[in-house]
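Step one of this worksheet: look at the structure below.
Please treat every number below as a calculation from the coordinates, not as lab data. The structure displayed is predicted, hence computed values, not measured ones. For neighbour counting, all protein chains shown are included, and Cβ atoms are generated from backbone atoms with ideal geometry for every residue, glycine included.
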Amino acid sequence: MSSTVTNTANFIQGEVKARIDKWIANYPADQKKSATMPALRIVQECHHGYLTTDLMDQIAEYLEITPMEVYEVATFYGNYEHEPVGEIKLCVCNSISCMLRGRDEILAAIEKKIGIKPGEMTEDGRFSVKMVECLGACGGAPMMQVGKVYHENLTPENITDLLEEWSK
């Protein structure tokens, strides 16, 4: 993950701007709108893992589209956050496969180890838990995604080991 930018005034500059521009270059000049999803991801990564209305407005201005066009994308897809999240966001799969193969036991182990449930964040801001729709790894159920990494075939024991490792 790139460095986090804290000042949101004129956020789209420097590294953030350069990263968005690489995506814009993939599309015809009159189709900057096509870079909306990557722009949202980049800005979210560089702003503590979540988006604000001001940041989405800046994306709209930069891509030369309406703020509503950005809001529609940012609120439709579950991978965009609109509230602060933990440094380590545990995205636990909510599919039927994961449910049938022990998702509830995984959630119980997470709560026992770090004291939070889905939708919550630890007091120190280290962890948050989010229930997400199918992550497409049903053969490895139950599973979760942390960052860009899938953790499959979870058990209460191996989830506890992962949480201990990440707590260091």
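Points to keep in mind about this one:
- By the Cβ-Cβ criterion of under 4.7 Å, the unpaired cysteines of the chain are Cys46, Cys91, Cys134, Cys138.
- The magnitude of the dipole of the chain, with charges of +1 and -1 set on the Cβ of Lys/Arg and Asp/Glu and taken from the Cα centre, is near 340 debye.
- Furthest towards positive pole of dipole, His47, Tyr71, Ser167, structure part the chain, Cβ charges: Ser167
- Electrostatic bookkeeping for Thr66 treats Lys and Arg as +1 and Asp and Glu as -1; over the other residues with beta carbon under 12 Å from its beta carbon, the sum is -4.
- 3J(HN,Hα) couplings calculated from phi for region 137-147 with the Karplus curve 6.51 cos²θ - 1.76 cosθ + 1.60 (θ = phi - 60°) are, in sequence order, 10, 4, x, x, 5, x, 8, 8, 10, 10, x Hz; Gly and Pro show x.
- Rounded to the nearest 500, the 222 nm mean residue ellipticity of the chain from helices alone is -12500 deg cm²/dmol, with -39,500 (n - 2.57) taken per DSSP H run of at least 4 residues.
- Anisotropy class of region 60-147 from Cα gyration tensor, a/c 1.5 cut: oblate
- Sites Asp124 and Asp30, calculated FRET efficiency, Cβ-Cβ separation with R0 35 Å, nearest 0.05: 0.15
- Convex hull projection area averaged over all views, region 1-149, Cα basis, nm²: 9.7
- Taking a sphere under 14 Å around the Cβ of Asn94 and counting the other residues whose Cβ falls inside, with K and R at +1 and D and E at -1, yields a net charge of +2.
- Between Val149 and His82, the simple label model (points 7 Å from Cα in the Cβ direction) yields a spacing of 3.1 nm.
- Spin-label model, Asn94 to Glu15: label points 7 Å out along the Cα-to-beta-carbon direction sit 3.2 nm apart.
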